1. Which fully enclosed strands (runs of 3 or more DSSP E) of region 296-389 have 1 or more residues being away from the ligand (no atom under 16 Å from the Cβ), closer than 23 Å to residue 488 by Cα and modelled with pLDDT of 80 or more?
2. Only residues that are in contact with a strand residue (DSSP E or B) (Cβ under 8 Å, 6 or more places away or on another chain) and farther than 9 Å from residue 99 by Cα: list them for region 151-183, please.
3. Give region 379-406 a look and list any residue that's under 21 Å from residue 117 (Cα atoms) and crowded, with 22+ Cβ neighbours inside 10 Å, or say none.
4. Kindly provide the set of residues from region 174-188 that are in a loop (DSSP other than H, G, I, E, B) and either surrounded by 24 or more Cβ atoms within 10 Å (Cβ to Cβ) or modelled with pLDDT of 90 or more (or both), ordered by number.
5. Spot the failing condition for residue 221; the list is (1) at pLDDT 85 or above; (2) closer than 22 Å to residue 431 by Cα; (3) part of a loop (DSSP other than H, G, I, E, B), and only one is missed.
6. Could you check how many residues of region 448-483 are in contact (Cβ under 8 Å) with a residue 60 or more places away in the chain and within 28 Å of the chain's Cα centre (by Cα)?
7. Quick one: which of 119, 103, 135 is farther than 22 Å from residue 195 by Cα, assigned to a strand (DSSP E or B) and either at pLDDT 90 or above or away from the ligand (no atom under 14 Å from the Cβ) (or both)?
8. Tell me yes or no: at least one residue of region 260-267 is over 24 Å from residue 388 (Cβ atoms) and either crowded, with 21+ Cβ neighbours inside 10 Å or at pLDDT 80 or above (or both).
Ligand SMILES: Nc1ncnc2c1ncn2[C@@H]1O[C@H](COP(=O)(O)OP(=O)(O)OP(=O)(O)O)[C@@H](O)[C@H]1O
């Protein structure tokens, strides 16, 4: 355990990344973890604990209540999962227990799935030496599914908070059985649980948490909500804060993420993002955030016209599709994911002074999934760049968005397009993450690689194309995409239950536009680029090569695997799907190869 050298309350442990050198040398084994878990981690390529794991694991193994606050991507999940599994592995199972021993509560379904997969993969890697039943529950599950999931009962339940009260009220779970068996309660992404509207559910649950239950609360940011939860559920917990929250400024963005911004008008945002992507001034994979679903589709349609493929992720899509999109993106099947991370209520007013049309509002009234959370806590793999096409509505949203890159020991970058409407929130963000004492410190620096000339050389076509992406086109594409995803989702459900790892059926970066992109818009000829931009492109490419390509390995595997799977029942899905898959494969082979021919031949 990290010893406190400063005068801080006895149960409060603050930790700086550069202190306690000997602590940082410690291995998982030396933290006292079960060797089966240590081997499982090694098989995953995880060798040394992150700072939060170094401090939290021993405390949790000792049975302490812990509140851990650490940056996004700092490894908080293993910080509680490893000691939790250790304790469950080594406990003699209580006979006749009628409820779960451990409950992990998370704010969204996506997180539920993610944590569930993480637990299952650790258990599987323990080579069948461990028999633990793990289930996931979400509020939309029918009572019969909940009943069968809870039969046994399971050792670990991963759930959104609304589910447990639902299980209790429908008689699927008895309050007494629940209280008698519960030994571990984890509130993960605690800073979000209340903002997702789970306060009543959590209060209902509190009454049932027995005194001896070990409670753990994990969060990326500190907030009054976290304080509230801490008081509600934990008893005299150890408070871990990494890195140390200094007197002056709270550091919430990982140091390994370089943050940039570009000042541009609302109208020029399409032009600027085109320049960033088309001139390849940002590293792939990139996660692009918009505040409304319509804007996400507008952006996708616009980029398509220039031959830039992307996929869309939002709360409107069916759950299966969302999970599938995440898995595909994580597996490297496409490079750009446009995500909308706000809820329906917020979507009505986008804060930028833009008034949405009546029809658009009608579409926005579609039922969005309140348990959806694209940004919060999701472990996107190998995202190098996060682009804020529109600025989030609050500073915490910025922290969570940027936290999708630079995870664990990786590096990353972010680029925010900031219009005059968004300067206020931008200032707020800067003051949250910056150094107030040193006003000149460029925590978010101006993006250095894009010259005015480079932008202007693209303006004519960019504006022309932007005009062609009409509101009607956006609306039609959104409706069409939703229809497709609903059909696919129903058909996929059965298959994914049997083959959860199969990613290859549907390509989510399919082209939505009815007209193919014009060849002259696909590539940028050299004569349009000034020497500075050409130099910048080269630098980015070199950096990508140094980083080991552009994450295409998985994609290539995916393509080949698919072409071999002629017998796959999913391939008979529909003529459309097959065509798309074939086209997708061809296209990807081209993209995987040397793409240096780009920028040379075609006229722009
Ligand atoms: N000790 C480690 N060494 C290397 N990678 C690790 C280690 N611990 C966790 N990771 C990886 O780091 C990534 C981020 O971990 P995790 O999702 O737990 O972060 P987090 O702190 O919960 O972030 P967020 O607040 O965004 O949810 C995951 O891909 C995880 O597998």
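1. So the answer is 311-313, 336-340.
2. Our first condition is that a residue be in contact with a strand residue (DSSP E or B) (Cβ under 8 Å, 6 or more places away or on another chain); within region 151-183, this holds for 154-161, 163-164, 167, 182-183.
Within region 151-183, 156, 157, 158, 159, 160, 161, 163, 164, 167, 183 qualify.
3. Step one: filter region 379-406 for residues under 21 Å from residue 117 (Cα atoms), giving 379-383, 403-405.
Listed by number, the residues that qualify are 383, 403, 404, 405.
4. In the first step, residues of region 174-188 are kept if they are in a loop (DSSP other than H, G, I, E, B); the result is 174, 182-183, 188.
Selection gives 182, 183, 188.
5. Of the numbered conditions (1) at pLDDT 85 or above; (2) closer than 22 Å to residue 431 by Cα; (3) part of a loop (DSSP other than H, G, I, E, B), the odd one out for residue 221 is (1).
6. Of the residues in region 448-483, the ones in contact (Cβ under 8 Å) with a residue 60 or more places away in the chain are 448-451, 453-455, 457-459, 461-463, 465-466, 468-469, 471, 473-475, 477-479, 481-482.
Then keep just the ones that are within 28 Å of the chain's Cα centre (by Cα); that gives 448-450, 474-475, 477-479, 481-482.
Of the residues in that region, 10 qualify.
7. Sole residue among the options that is farther than 22 Å from residue 195 by Cα, assigned to a strand (DSSP E or B) and either at pLDDT 90 or above or away from the ligand (no atom under 14 Å from the Cβ) (or both): 135.
8. Initially, region 260-267 is screened for residues over 24 Å from residue 388 (Cβ atoms), giving none.
No, region 260-267 contains no residue that is over 24 Å from residue 388 (Cβ atoms) and either crowded, with 21+ Cβ neighbours inside 10 Å or at pLDDT 80 or above (or both).
The values are calculated or read from the model by the stated rules, or taken from the named source; none is laboratory data. Because the structure is predicted, anything quoted here is derived from the model rather than measured. When we count neighbours, we look across all protein chains shown, and the Cβ atoms used for this are built from the backbone with ideal geometry, even at glycine.
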